[in-house]
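Comments concern the structure below.
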Amino acid sequence: MFRAIKMSLRYKWSIIGAVLCAVMISVLWSFSITAILPVVQVVLRNETAVDWVDGEIESCKSRIEKLEQDIADWKAVIDDPSADKDVVFKADVDTDMARDRLKAESRQLEHFSNTVKPILDKWAPRDPFETLLLAMVFLLCLTTLKGFFLVASAWLTARVASATVMDLRRIYYRKALDLDQFRIDRLGTSNMMTHLSHNMLMVAGGLRVFYGKCIREPLKMITCLIWAAYISLPLLLLSLCALPAGAFAIRSISRRMKRSTQNEMEGMADVFQTLIETFQKVKTVRIFNRERTERRRFRKNADTLYNMSLRISLYDSLLRPISEIIGIVSIAMAILAGAWLVLNEQTHLFGMIKVSDTPIRPTSLLLFYALLAAASDPARKMTEVVNVLVRGNTACENLFRTYDVQNRVRTPENPVPVPVHQQSIEFKDVIFAYKPKQPVVRSVSLMIPFGQTLAVVGGNGSGKSTLMNLLCRFYDPNRGRVLIDGVNMKDVSPRKLRRQIAWVTQDSVLFNGTILDNVTYGKPDASPLEVANAISIARLDELLDSLPDGIDTEIGDNGSQLSAGQRQRVALARAVVANPRILILDEATSQVDGQTESLIHGELEKFIKTRTTIVVTHRASSLKLADRVIVMDHGKIVSDSTVDEARESSQPFQHLFAKSA
């Protein structure tokens, strides 16, 4: 959570405003209690504020006279030579205590006479009801002002939280796009969606609480405790003795809540995974009548998430009773100790612990209790937000853990300039494994001259697509090197390298938007002539003529409004517009009908003459484009020749294309 808070500091003026609002709220909160409660008590005795201060002055004078008399009596005992030593010792102690009380009473008399009384004589009403009316108007003004600061505080904290989470989303999305393929494969779509949605909401909640209640409520509590300490600091410390036990219990619950929150996040990722798989593959689910199975799978994951949420709710519900019990214990200790002092007009507990300079008056004790009760309310609210803080902190840890990892595919500190490909692509003794000790590419050495069209064939799992992944630098070899024009690809920037590569896959990944958006995705500034040329090569003319909006037709999520063959042709046009130096065609026309495929190949023959082309295929028809073919088996190249030579003498090739041959 600290890193999210650190990021939020860029919105310093909103934070300063929120803190100032919190300070004002806390001051108004405590002042409304300390100012109004004594007035109400005075009015209920049918007195005015002036009557009250006159009464306090007279009480002070009476206590001073009594203390002076007691001091004189004890002095006589001390001066009596026949008095018992123990009696003299007690009289001496009582004299010192009385002198301290006399000084305190004298200061209080001076305060009431010289400060409070002149103000009340000038401004206070002379009628009890008018005094009460003024107190209520004053309370209404305080409450209105406090409400204004509450609204301002809520708006400012929401602004800081929302802006910070927006920044976090942008950073996470940017970092996610920069993650290497290993990390993306391990995380999966569901985990990344959980981070961007569920976890971000928890971070936002944690930030709102941190800049809201975590600042406002402690300040409210502190101001109330300061007033209570002014009445009697020792009595306040006595009432707070139970706090360590409560803090220990809350810490223990917070730890359990953190573990449950982590499990809840994993459960949310499982739910997302089920939803993604079901909705993306709903036709497969329906054709095999597996709706019931998917419902059971979803229910199992949802039940797990439900149980985790219940456990978190249980821990959250335990916090409030704990805070209330601690509050009751604190107030009960203060009531017992304070009541004993008031009833016995004492200033010391057990004759040893000094609580006040003068005996606490009932009015002051009631105000002390009110302040403790007022302090317990923000304390209770603080325990209620522990859940939000713990969840926000756990979400933050997960977010930063995701993109703080070191990428396996890294951009060098001083990358070598990427040459414009015009010589060769070379694999030198390349070994690669997705999992340790399970290589899928085994000591592959291969030279592809610029301008050559190479067909790569082989059975499933033979390593064909992995070679393409290494060429695009989605992964780096575990051993060996991949060179473009003699430059090791580990020494160049992956982004600049990929500007020279276009890859058309069998899956034909398209984006929600128009055909034009997808065709120009790799080159947004493509000219109309470049777009028209790409459409011609991909044989999209007839399709566009049949659509009401032509090239501006919306194609839906992943091109759902188009057939599989049409999607492949759009993807091919996108690659052509990018004008790459290296073109990878991975079963690029496998969904296209034979006649259209022949027409596309005819157009591609012209296009690929000025670039290096790699055709990954299982179809004999795609070999018409190739100058050369390699056959892969278990990660090794087992045959390398022209297509005609392979048909005549390569047994691995003949085995793969027996029917076509």
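Give region 564-623 a look and list any residue that's within 19 Å of residue 526 (Cβ to Cβ) and of a type in the set (Lys, Arg), or say none.
Hits for region 564-623 are 569, 574, 581, 606, 611.
Under the condition of being in the same structural domain as residue 31 (by TED's automatic domain parsing) and hydroxyl-bearing (Ser, Thr, Tyr), which residue from region 114-161 is surrounded by the fewest Cβ atoms within 10 Å (Cβ to Cβ)?
It comes out as 144.
Please tell me if residue 412 is farther than 30 Å from residue 263 by Cα and touching a strand residue (DSSP E or B) at 6+ places or on another chain (Cβ under 9 Å).
no
Of a type in the set (A, V, I, L, M, F, W, C) and either surrounded by 14 or more Cβ atoms within 10 Å (Cβ to Cβ) or not assigned by TED's automatic domain parsing to the domain that holds residue 254 (or both) - does that describe any residue in region 286-295?
Scanning region 286-295 turns up no residue that is of a type in the set (A, V, I, L, M, F, W, C) and either surrounded by 14 or more Cβ atoms within 10 Å (Cβ to Cβ) or not assigned by TED's automatic domain parsing to the domain that holds residue 254 (or both).
So, in region 435-460, of the ones that are free of Cβ contacts under 8 Å to residues at least 40 places away in the same chain and not in a strand (DSSP E or B), which residue ends up farthest from residue 636 (Cα to Cα)?
436
Taking residue 194 as the residue in question, decide whether it is hydroxyl-bearing (Ser, Thr, Tyr), surrounded by fewer than 20 Cβ atoms within 10 Å (Cβ to Cβ) and more than 27 Å from residue 379 (Cβ to Cβ).
no
Criterion first (in the same structural domain as residue 184 (by TED's automatic domain parsing) and in contact (Cβ under 8 Å) with a residue 60 or more places away in the chain) does residue 380 satisfy it?
yes
Looking at 555, 614, which one is assigned by TED's automatic domain parsing to the domain that holds residue 499, β-branched (Val, Ile, Thr) and either closer than 26 Å to residue 460 by Cα or over 49 Å from the mean Cα position of the chain (by Cα) (or both)?
One residue alone meets the criteria, 614.
Can you confirm whether residue 175 is farther than 30 Å from residue 408 by Cβ, in a helix (DSSP H, G or I) and of a type in the set (Lys, Arg)?
So residue 175 fails the test.
One line per residue, one yes/no per condition, for (1) over 27 Å from residue 474 (Cβ atoms); (2) not acidic (Asp, Glu):
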site	(1), (2)
136	yes, yes
146	yes, yes
167	yes, no
170	no, yes
174	no, yes
177	no, yes
182	no, yes
186	no, yes
191	no, yes
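Every residue, every condition in (1) at pLDDT below 75; (2) within 28 Å of the chain's Cα centre (by Cα); (3) surrounded by 13 or more Cβ atoms within 10 Å (Cβ to Cβ), yes or no:
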{"site": "301", "(1), (2), (3)": "no, yes, yes"}
{"site": "305", "(1), (2), (3)": "no, yes, yes"}
{"site": "309", "(1), (2), (3)": "no, yes, yes"}
{"site": "315", "(1), (2), (3)": "no, yes, yes"}
{"site": "325", "(1), (2), (3)": "no, no, yes"}
{"site": "332", "(1), (2), (3)": "no, no, no"}
{"site": "345", "(1), (2), (3)": "yes, no, no"}
{"site": "349", "(1), (2), (3)": "yes, no, yes"}
{"site": "353", "(1), (2), (3)": "yes, no, yes"}
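The rows are residues; the columns are (1) surrounded by 17 or more Cβ atoms within 10 Å (Cβ to Cβ); (2) closer than 16 Å to residue 571 by Cβ; (3) assigned by TED's automatic domain parsing to the domain that holds residue 612.
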| residue | (1), (2), (3) |
| --- | --- |
| 500 | yes, no, yes |
| 503 | yes, yes, yes |
| 510 | yes, yes, yes |
| 521 | yes, yes, yes |
| 525 | no, no, yes |
| 534 | yes, yes, yes |
| 539 | yes, yes, yes |
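List every residue pair whose Cβ atoms sit under 7 Å apart, with the two residues 6 or more apart in sequence or on different chains, where the first one lies in region 423-434 and is at pLDDT 90 or above and the second, anywhere, is assigned to a strand (DSSP E or B) and hydroxyl-bearing (Ser, Thr, Tyr).
425/612; 427/445; 428/445; 429/443; 429/445; 431/443
Can you tell which of 121, 92, 100, 96 is part of a helix (DSSP H, G or I) and under 15 Å from residue 53 (Cβ atoms)?
121
Look at residue 320 and say whether it is part of a helix (DSSP H, G or I), modelled with pLDDT of 75 or more, assigned by TED's automatic domain parsing to the domain that holds residue 249 and basic (Lys, Arg).
No; evaluated as a whole, the condition is false for this residue.
Spot the failing condition for residue 170; the list is (1) closer than 30 Å to residue 392 by Cα; (2) of a type outside the set (S, T, N, Q); (3) in contact (Cβ under 8 Å) with a residue 60 or more places away in the chain, and only one is missed.
(3)
Quick one: residue 416 ticks every box in (1) in contact with a helix residue (DSSP H, G or I) (Cβ under 7 Å, 6 or more places away or on another chain); (2) assigned by TED's automatic domain parsing to the domain that holds residue 550; (3) over 30 Å from residue 556 (Cβ atoms) except a single one, so which number is it?
(2)
So is residue 571 within 22 Å of residue 620 (Cα to Cα) and outside the structural domain of residue 276 (by TED's automatic domain parsing) or not?
yes
It is to be established whether one or more residues within region 550-573 are surrounded by fewer than 20 Cβ atoms within 10 Å (Cβ to Cβ), farther than 18 Å from residue 508 by Cβ and not acidic (Asp, Glu).
Yes, the conditions are met somewhere in region 550-573.
From the residues in region 617-648 that are more than 49 Å from the chain's Cα centre (by Cα) and assigned to a loop (DSSP other than H, G, I, E, B), which one is surrounded by the most Cβ atoms within 10 Å (Cβ to Cβ)?
626
Enumerate the pairs (first residue in region 300-312 and in a helix (DSSP H, G or I); second residue anywhere and among the hydrophobic types (A, V, I, L, M, F, W, C)) with beta-carbon separation below 8 Å, excluding pairs fewer than 6 apart on the same chain, so at least 6 apart or on different chains.
Hits for this filter: 301/271; 302/271; 305/268; 305/271; 312/257.
Taking the criterion of being over 23 Å from residue 401 (Cβ atoms) and assigned by TED's automatic domain parsing to the domain that holds residue 32, would at least one residue in region 254-276 satisfy it?
There is at least one residue in region 254-276 that is over 23 Å from residue 401 (Cβ atoms) and assigned by TED's automatic domain parsing to the domain that holds residue 32.
List every residue pair whose Cβ atoms sit under 6 Å apart, with the two residues 6 or more apart in sequence or on different chains, where the first one lies in region 95-108 and is among the charged types (D, E, K, R) and the second, anywhere, is assigned to a helix (DSSP H, G or I) and surrounded by fewer than 18 Cβ atoms within 10 Å (Cβ to Cβ).
105/64
I'm told residue 279 meets every condition in (1) closer than 30 Å to residue 388 by Cα; (2) under 28 Å from the mean Cα position of the chain (by Cα) except one. Can you identify the failing condition by its number?
Single failed check for residue 279: (1).
Look at residue 64 and say whether it is at pLDDT 80 or above, under 30 Å from residue 126 (Cα atoms) and surrounded by 15 or more Cβ atoms within 10 Å (Cβ to Cβ).
yes
What number of residues in region 579-605 are assigned to a helix (DSSP H, G or I), farther than 21 Å from residue 629 by Cβ and in contact with a helix residue (DSSP H, G or I) (Cβ under 9 Å, 6 or more places away or on another chain)?
2
Return yes or no: is residue 482 touching a residue at least 60 places away in the same chain (Cβ under 8 Å) and part of a strand (DSSP E or B)?
no
Might you check whether a residue that is touching a Lys or Arg at 6+ places or on another chain (Cβ under 9 Å), on the phi < 0 side of the Ramachandran plot and part of a strand (DSSP E or B) occurs anywhere in region 487-498?
yes
The values are calculated or read from the model by the stated rules, or taken from the named source; none is laboratory data. A quick note: this is a predicted structure, and the numbers were derived from the prediction, not measured. No Cβ is skipped: glycine too gets one built from the backbone with ideal geometry, and neighbour counts run over all protein chains shown.
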